[in-house]
Amino acid sequence: MRVFKPTYREKGGDIRTVKKWWVETRDHLGVVRRFAGFTDQKQTETLGRQIDQLVGCKASGEPISLALSRWLEGVPVKMRQRFAEIGFLDAERANGGKPLNEHLADFKQSLSDKGDTLAQVDLVVARVRRVFEGCKIVVWTDISAERVRHYLSDLHKKVSKRTVNFYLSAAKHFCRWMVKQRRASESPIEHLDCVRVGVADIRHARRALEPDEMRRLLETTTVEPVRFGISGPERAIIYRLAAETGLRRNELRSLKVSSFDFGCCTVTVEAQNTKNRKEAVLPVRPDTMMQLRKYLAGRLPNAQVFTVPDKTAKMFRADLEAAGIAYVDESGRYADFHSLRHTTGTLLAAAGVHPKVAQSLMRHSDINLTMSRYTHTLTGQEAQAIASLPDFSLPSKQSQRAVATGTNRRNLAENLASTGRKQLITLDSIRQATPNGDNTTAILNEQQGATADSFRIRKPALYPTELRAQIHSCQRPQL
């Protein structure tokens with residue numbers, strides 16, 4: 001490597017020296033290459049050493065180190081493109097300095113090739129573009145964690161924490177794609193954490209419809225006029241199927257006549273139309289399937305079943321108002337179209353369905369999502385749960401035994417007091433009245449004015465074997 005200042009001859013014949021220093025080195029093929037440096041000699045020497053390291057990695061076939069990758073990201077675009085022309089760099093890494101809009105176009109195409117739906121692709125790309133435009137980022141080297149964090153903090157003043165996390169996840173997805181495609185060495189925002197979301201942070205909390213509310217909604221919608229190009233009976237079938245199966249709006253829109261198996265009472269959603277990209281085969285109630293059979297009679301197998309609009313909020317809200325159901329309840333929870341999916345999870349829990357089965361029907365990867373977000377409490381369930389608790393006003397077993405002992409004592413004393421003649425009692429009756437081994441005299445004294453002569457205590461009856469033994473011994477049994 002050699003650092004020098006080139007000279008040139010002016011028209012008048014004078015020799016001049018350029019202001020910038022230059023670097024002269026040999027590439028991996030032994031060809032001499034010259035690169036313009038800086039006006040400072042030290043900076044130019046540093047540039048020459050970095051170029052020599054890059055040549056060494058190319059000649060030895062070793063991967064570029066992390067420090068050298070970071071240096072390349074800060075190199076001007078023209079110099080990086082020349083490195084690619086010479087063969088120092090791959091074309092992907094050389095493009096790291098081109099505008100992010102061009103990278104976003106490639107990222108969008110990559111998501112489409114992977115199989116994501118068009119709506120999902122547009123949503124992710126729009127979120128990434130909004131973050132970069134808000135941070136005033138033009139090229140990859142402009143991205144910094146501090147700028148992104150500051151922008152998301154300001155964005156939280158307008159949207160919820162969950163939405164902020166969606167924007168951050170989209171931006172991190174794009175940066176990971178850049179690293180995977182070897183257009184960048186590392187993601188500058190990978191270490192940023194999402195904001196913790198609590199129940200109080202959900203701005204558009206949904207609720208589940210009560211069973212009676214669902215019946216009123218279906219009865220009213222059936223006789224309602226056409227809205228958004230959909231007749232009342234068709235809307236009623238859509239609402240019923242959504243509440244009984246938990247199908248989402250896009251999944252309902254993708255259904256065809258061939259998606260229903262009327263023999264097995266199931267509906268199949270293809271993998272490309274589900275959120276988790278897995279085929280879903282869900283059971284359908286027999287009575288609902290009979291209604292669908294009548295509704296789909298005479299249609300071709302490939303015909304679309306439902307005409308579901310992109311925006312179902314206004315349509316569903318109009319039907320709620322017609323049925324006299326509040327769109328927002330007293331707790332500030334909303335009843336929109338997606339609330340029908342919440343209704344599915346809630347009714348499954350109310351019916352005593354095992355949580356694992358409910359998770360499978362809802363097609364959730366996490367059981368906490370099924371039980372915490374999509375399961376709500378119906379009216380009267382809390383009161384029924386409290387009523388099922390043990391009655392603490394009843395006496396304990398110890399108190400019951402004490403009451404029984406006192407009752408037996410009083411009954412025996414009252415019997416003795418009610419007659420003036422001698423009473424014939426047995427030791428067994430006294431033991432029954434005194435299960436804890438109390439003194440017999442204590443019971444007798446409860447009879448006011450009673451004396452020992454007033455009683456004849458009979459011994460327990462002898463068993464036959466004992467009686468025969470006394471007869472053989474010529475002894476008269478004593479009473």
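Where a number appears in this text, it was derived from the coordinates with a stated rule and is not lab data. All values derive from a computational prediction rather than experimental measurement. With ideal geometry, Cβ positions are generated from the backbone for all residues, glycine too; neighbour counts draw on all protein chains shown.
Specify whether the C-alpha gyration tensor of the range 211-384 places it in the rounded, prolate or oblate class, a ≥ b ≥ c being the square roots of the eigenvalues: rounded for a/c under 1.5, otherwise prolate if a/b is larger than b/c and oblate if not.
Working: a/c = 1.66, a/b = 1.13, b/c = 1.47.
Judged from the Cα gyration tensor, the range 211-384 comes out oblate (a/c at least 1.5, b/c at or above a/b).
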Q) Among the listed pairs 19/42; 157/311; 20/136, which are separated by more than 23 Å between their Cα atoms? A) 157/311; 20/136
Q.
At a threshold of 8 angstrom on Cα-Cα distance, excluding pairs fewer than six apart, so keeping six or more, what relative contact order does the range 211-384 reach in percent?
A. 22
Q) Among the listed pairs 180/275; 108/180; 108/172, which are separated by more than 19 Å between their Cα atoms? A) 180/275
Q. Between 295, 338, 269, whose Cα lies farthest towards the positive end of the dipole of the range 259-350 when Lys and Arg beta carbons carry +1 and Asp and Glu beta carbons carry -1, centred on the Cα centre?
A. 269
Q | Using θ = phi - 60° and Karplus 6.51 cos²θ - 1.76 cosθ + 1.60, couplings along the range 137-148 (whole Hz; Gly, Pro as x) | A | 9, 10, 10, 4, 5, 7, 6, 9, 5, 5, 5, 5
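Rounded to the nearest 20 debye, what is the charge dipole size of the range 2-97 about its Cα centre when +1 sits on each Lys and Arg Cβ and -1 on each Asp and Glu Cβ?
On the way: 18 positive and 12 negative charges, 88 e Å.
For this selection, approximately 420 debye.
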Q) When only DSSP loop residues count, what chymotrypsin sites (Phe, Trp or Tyr not before Pro) in the range 159-229 have their Cβ near at most 16 other Cβ atoms within 10 Å? A) 228
**Q.** Size-normalised alpha-carbon gyration radius of the range 100-201, reference 2.2 N^0.38 Å
**A.** 1.06
Q: May I ask which residue of 170, 195, 184 lies farthest towards the positive end of the charge dipole of the range 93-248, with charges of +1 (Lys, Arg) and -1 (Asp, Glu) on Cβ and the Cα centre as origin?
A: 184
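Shape verdict for the range 143-187, please, from the Cα gyration tensor: rounded (a/c under 1.5), prolate (a/b greater than b/c) or oblate. Before the final figure, lay out each step's value.
Details: a/c = 4.89, a/b = 2.06, b/c = 2.37.
Here the range 143-187 falls in the oblate category.
Compute the Cα gyration tensor for the range 3-47, then decide on rounded, prolate or oblate, letting a ≥ b ≥ c be the square roots of its eigenvalues: rounded whenever a/c is under 1.5, prolate when a/b is larger than b/c in the other cases, and oblate in all that remain.
Values: a/c = 4.41, a/b = 1.58, b/c = 2.79.
Cα axes put the range 3-47 in the oblate bin.
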